[in-house]
Amino acid sequence: MELSTFIGTFGLIFLAELGDKTQLTAMALALRYPWKRIFIGIAAAFAVLNLAAVLVGKILFLVLPIFWVTLVSALLFLYFGYSTLKNACVAEDNDGPPPTAADAVRTAFLMIFMAELGDKTQLVTASQAAQHSGSLSGMGTVFVASTLALWLVSLIGIFAGKQLVKYIPVCWIHRTAGFMFLVFGVAMCWKLLSL
């Protein structure tokens, strides 16, 4: 496993999702269902989403030269950084409690899957996979790092989310994530100069 790829992907995905709708959904589900069942559904949803993202990343690498993949990735990072900072302190309206369902695993899976399909972290995972798709090890590292980061964010949402927002405003968590996106976008633009 490539340690630098793992740390970079894990950190990026973790910060991007910290305080995001995934964590809030996990918190809401935890108030209604047993945490173990919710986590199984959340974990399965993220595994499926990240597998799809990594496969899309591999296809991008095969079809497009690395320069264009890096350029698109840099632009995505810059866009997500800008939009995250722009909306960092905008209050989100809750649409009420999660839908009632007899099966907590299915409810958690469907809610996370639909909320995250095509979301920024899935696109970032695809982008990271495209950059590291020269080897199966690199793609596997991106998959594992992204999935573990999302699982950890979800567990924090389930167990400590309410405590975290008492001490660190969600606004500042979003600002930190937006700043990190901009830093990664600028770094990738710098990398383009050497290609």
### Task
Note down all Cβ pairs under 7 Å where the first residue falls in the range 38-53 and is within 19 Å of His132 (Cα to Cα), the second is surrounded by fewer than 19 Cβ atoms within 10 Å (Cβ to Cβ) and among the hydrophobic types (A, V, I, L, M, F, W, C), and they're at least six residues apart or on different chains.
Leu49/Phe113; Leu49/Leu117
### Query
Out of curiosity, is Ile40 touching a Ser or Thr at 6+ places or on another chain (Cβ under 9 Å), at pLDDT 75 or above and part of a helix (DSSP H, G or I)?
no
### Message
Condition first: open to solvent by 70 Å² or more (accessible area, probe 1.4 Å), modelled with pLDDT of 75 or more, on the phi < 0 side of the Ramachandran plot and not acidic (Asp, Glu). Can you find one or more residues in the range 52-66 that meet it?
### Response
yes
### Query
Restricting the first residue to the range 106-135 and requiring it to be not in a helix (DSSP H, G or I), which pairs with a second residue that is not charged (D, E, K, R) meet a Cβ separation below 6 Å and a spacing of at least six or different chains?
His132/Thr5; His132/Gly138; His132/Val142; Ser133/Gly57; Ser133/Phe61; Ser133/Met139
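Quick grid of which residues meet (1) at pLDDT 75 or above; (2) more than 18 Å from Met27 (Cα to Cα):
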| position | (1), (2) |
| --- | --- |
| Ala91 | no, no |
| Asn94 | no, no |
| Met114 | yes, no |
| Thr141 | yes, yes |
| Phe159 | yes, no |
| Lys166 | no, no |
| Ile173 | no, no |
| Thr176 | yes, yes |
| Met180 | yes, yes |
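The values are calculated or read from the model by the stated rules, or taken from the named source; none is laboratory data. Since we're looking at a predicted model, the values are computed, not measured. Glycine gets a Cβ as well: all are built from the backbone with ideal geometry, and neighbour counts include every protein chain shown. Calculation scope for accessible area: heavy atoms of the full protein, side chains included, ligands and nucleic acids excluded. Shrake-Rupley method; radii C 1.70, N 1.55, O 1.52, S 1.80 Å.
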